[in-house]
Amino acid sequence: MNFSYHYTQIFNEDKSLAIIPSFKEFVEYIVDIPPHHMNPHWRPVFHHCGICLVNYSHIVLAETFIDDLRLIMRESGIDKEVDLSVMTLHSHKGKGNTSELLLENYATLRPSTLQKLINIYKNDFTVFGYDPTDFLRNLYSNDSVSFDVR
């Protein structure tokens, strides 16, 4: 997708965003650039290759972040030196139900765009044990669309 914005229109002088894209615009931008040209914040983790070079003892997932972090802190012994209640101080203060927001935002995408997005992050799904099948089934409950998730 070609965007009609010039770089100077998108970013302020301090590099902050001047234009905040919709979820659909953001995803359409992502699927049109090669992963090695992506900003590291949304580049597939698989392309950072740290997972290929380091023998990690733990992987912290967003869904189990607090529990994972507590385990790591307990195993390293620093749980005795840190007030763990700080980790949950601002948790769950987002805007609405995460599952509903996901469905609402992903429903704005064309199936072909969603398949491109799945293809980009397919290796991350595998490495980190995610399977988008149930989510896609909820998104397209009438089975009118199918996706290659493997």
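Structure notes:
- Scanning the stretch 49-61 for residues being open to solvent by 90 Å² or more (accessible area, probe 1.4 Å) and either part of a helix (DSSP H, G or I) or under 26 Å from T108 (Cβ atoms) (or both) gives a total of 1.
- Looking across the stretch 93-134, the residues that are within 16 Å of F26 (Cα to Cα) and of a type in the set (D, E, K, R) come down to E104, R110, K116.
- Looking across the stretch 6-37 at every residue that is β-branched (V, I, T) and assigned to a helix (DSSP H, G or I), the one that is nearest to R110 (Cα to Cα) is identified as V27.
- Each residue in the stretch 126-150 was checked for being part of a helix (DSSP H, G or I) and open to solvent by 50 Å² or more (accessible area, probe 1.4 Å), and 6 of them qualify.
- Taking the criterion of being open to solvent by 90 Å² or more (accessible area, probe 1.4 Å) and in a loop (DSSP other than H, G, I, E, B), the only residue of the stretch 38-48 that qualifies is H41.
The values are calculated or read from the model by the stated rules, or taken from the named source; none is laboratory data. Keep in mind the model is a prediction, meaning the values are calculated, not measured. A quick note on method: Cβ atoms are made from the backbone with ideal geometry, for glycine too, and the neighbour counts reach across all protein chains shown. Areas reflect the complete protein model, heavy atoms only, side chains present, ligands, DNA and RNA absent. Shrake-Rupley method; radii C 1.70, N 1.55, O 1.52, S 1.80 Å.
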